[in-house]
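Working notes, structure below.
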Amino acid sequence: MKPWQYHNPVAIHFGAGVVETLPQLLRGRRATLVTFPEAEAFGLLPRLRRLLGDSLAGVIDQTQPNPDVDGLDALYRAFWQQPDSGEVIVAVGGGSAMDTAKALMVGTGNGSFDALLALLATGKPFAPHRVKSLIAVPTTSGTGSEVTGWATVWQRAAGRKYSLHLPETWPEAAVVDPELVLSLPPGPTLAAGLDALSHALESIWNVNANPVSDRHAVSAAREVLATLPKLMQAPGDLELRSRMAFAALTAGLAFSNTRTALAHSISYDMTMHHGLPHGIACSFTLPLVLARAIGADAARDAVLARVFDGPLAQAPAALADFLERLGVSTRFESYGVDPAESERLIATALDGVRGKNFIGAARAA
Ligand SMILES: NC(=O)c1ccc[n+]([C@@H]2O[C@H](COP(=O)([O-])OP(=O)(O)OC[C@H]3O[C@@H](n4cnc5c(N)ncnc54)[C@H](O)[C@@H]3O)[C@@H](O)[C@H]2O)c1
Ligand SMILES: [Zn+2]
């Protein structure tokens with residue numbers, strides 16, 4: 001076995017009702033709550049207001065799906081202009097709310113978002129002028145953003161996306177309470193669950209994989225394959241919600257150390273130009289990417305074989321069947337992308353930063 005290292009500094013609190021421990025986790029510090037707009041109507045925001053009481057310094061609930069530079073600019077300025085926003089951000093929501101919080105927590109010298117964007121545009125690490133702590137409370141069971149140190153910031157107008165990743169942007173704690181996910185509608189439940197499956201598989205066919213990420217990934221992928229179809233039939237089942245929350249968390253632990261690979265590299269274009277939700281965009285190509293991964297590296301094949309029952313050669317077809325049964329087409333044409341464009345898209349994705357993490361990149365290029 002080659003030498004390897006694994007690092008994840010996030011304290012994990014898991015279980016139904018565990019959100020009630022937020023006041024203890026704040027340890028007397030004041031916090032700004034960052035959440036999704038529907039949290040008020042679902043009764044979640046009133047509950048959090050009561051729970052946090054005087055520790056609550058402010059609420060930002062106008063977060064948008066796939067946080068875009070356009071909307072973040074105003075949120076960021078308002079947040080950093082406020083004299084008492086507290087030491088902590090508590091992010092309660094899906095990947096969009098948690099990634100918004102990660103962008104907000106990194107303070108620039110003049111409090112302007114443009115300054116942060118300029119730093120992100122360099123693609124290099126930088127030392128933040130000031131920074132808040134983050135407690136992440138996921139409500140979609142998908143992105144794993146509660147245990148990763150990075151966030152995606154979109155700029156649709158320019159057809160670009162930025163990746164924020166600093167030692168300071170790891171959450172200090174992840175509070176994973178499956179009860180909070182019970183209100184999530186079927187569409188986002190499916191997309192989030194498939195995002196978790198994608199994180200697990202992408203961390204296996206990845207040049208950065210290690211035995212710890214593999215353990216997490218195999219268990220997460222097997223759990224999603226077994227649980228997601230049942231959950232789609234019984235979205236109010238807390239036991240199934242718990243299993244998906246745990247699968248998404250463990251997939252997050254896997255890819256927190258490997259990053260993603262080809263399926264995510266392809267997804268960015270599909271989200272930006274074809275409007276696909278992240279979880280669908282990064283999962284409908286999983287059978288195609290799996291077929292390219294098999295045979296690239298015998299050790300990776302052995303790990304993939306632990307995910308799928310039956311001969312590995314049949315796994316791409318079985319995975320396509322799994323997705324189609326959930327109503328997710330695995331064909332580019334279904335999303336308005338013709339074969340010539342899909343070939344170009346895959347070639348560009350292989351050349352992207354995430355594409356280069358893919359073990360089959362050299363062979364496929
Ligand atoms: N940082 C990371 O590690 C990471 C990883 C994967 C994806 N992402 C990002 O995450 C985003 C997608 O996140 P997502 O799939 O969690 O979806 P999301 O956060 O966009 O949420 C989907 C929808 O569900 C609503 N919602 C969220 N929780 C709810 C609940 N419990 N009940 C009812 N409605 C609820 C939201 O308001 C939104 O309308 C993308 O922007 C993607 O780039 C980040
Ligand atoms: Zn993802």
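The values are calculated or read from the model by the stated rules, or taken from the named source; none is laboratory data. Treat the numbers as computed from the prediction; the structure is a model and nothing was measured. Note that each Cβ is placed from the backbone with ideal geometry, even for glycine, and that neighbours are counted across all protein chains shown. We work out accessible area using only protein heavy atoms, side chains counted, and drop any ligands, DNA or RNA first. Shrake-Rupley method; radii C 1.70, N 1.55, O 1.52, S 1.80 Å.
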Review point. Within region 147-260, which strands (runs of 3 or more DSSP E) (wholly inside it) include 1 or more residues that are among the β-branched types (Val, Ile, Thr) and in contact (Cβ under 8 Å) with a residue 12 or more places away in the chain?
Key: 150-155, 173-176
Point to revise | Yes/no for residue 29 being of a type in the set (Lys, Arg) and either away from ligand 1 (no atom under 14 Å from the Cβ) or touching a helix residue (DSSP H, G or I) at 6+ places or on another chain (Cβ under 7 Å) (or both) | key: yes
Exercise for review: Kindly establish whether residue 5 is assigned to a loop (DSSP other than H, G, I, E, B) and not aromatic (Phe, Trp, Tyr).
Suggested key: yes
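Okay, residues lined up against (1) within 16 Å of ligand 2 (Cβ to nearest atom); (2) touching a Gly at 6+ places or on another chain (Cβ under 9 Å); (3) open to solvent by 10 Å² or more (accessible area, probe 1.4 Å):
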{"site": "74", "(1), (2), (3)": "no, no, yes"}
{"site": "80", "(1), (2), (3)": "no, yes, yes"}
{"site": "84", "(1), (2), (3)": "no, yes, yes"}
{"site": "98", "(1), (2), (3)": "yes, no, no"}
{"site": "107", "(1), (2), (3)": "no, no, no"}
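Okay, residues lined up against (1) more than 16 Å from ligand 2 (Cβ to nearest atom); (2) buried (at least 20 other Cβ atoms within 10 Å of the Cβ); (3) of a type outside the set (Gly, Ala, Ser):
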| position | (1), (2), (3) |
| --- | --- |
| 239 | yes, no, yes |
| 251 | no, yes, no |
| 265 | no, yes, no |
| 270 | no, yes, yes |
| 309 | yes, no, yes |
Check your understanding: Any idea which of 7, 13 is under 23 Å from the mean Cα position of the chain (by Cα) and exposed (fewer than 15 other Cβ atoms within 10 Å of the Cβ)?
Key -> 7
Check your understanding: Are any residues in region 110-126 touching a residue at least 12 places away in the same chain (Cβ under 8 Å) and open to solvent by 90 Å² or more (accessible area, probe 1.4 Å), and if so, which ones?
Key -> 114, 125
Study note, to complete from the structure: Log entry, pairs with first residue in region 47-59 being closer than 13 Å to residue 28 by Cβ and touching a residue at least 24 places away in the same chain (Cβ under 8 Å), second being open to solvent by less than 30 Å² (accessible area, probe 1.4 Å) and in a helix (DSSP H, G or I), beta carbons closer than 7 Å, six or more apart or on different chains, reads 52/22; 55/26
Study note, to complete from the structure: Residues of region 26-37 being touching a residue at least 12 places away in the same chain (Cβ under 8 Å) and surrounded by fewer than 19 Cβ atoms within 10 Å (Cβ to Cβ), in sequence order, are 28, 29, 30, 37
Exercise for review: Report yes if some residue within region 131-143 is within 16 Å of ligand 2 (Cβ to nearest atom), among the hydrophobic types (A, V, I, L, M, F, W, C), modelled with pLDDT of 95 or more and open to solvent by less than 30 Å² (accessible area, probe 1.4 Å); otherwise report no.
Suggested key: yes
**Study point:** helices (runs of 4 or more DSSP H) lying entirely in region 278-338 (those with 3 or more residues that are aliphatic (A, V, I, L, M) and on the phi > 0 side of the Ramachandran plot)
**Key:** none
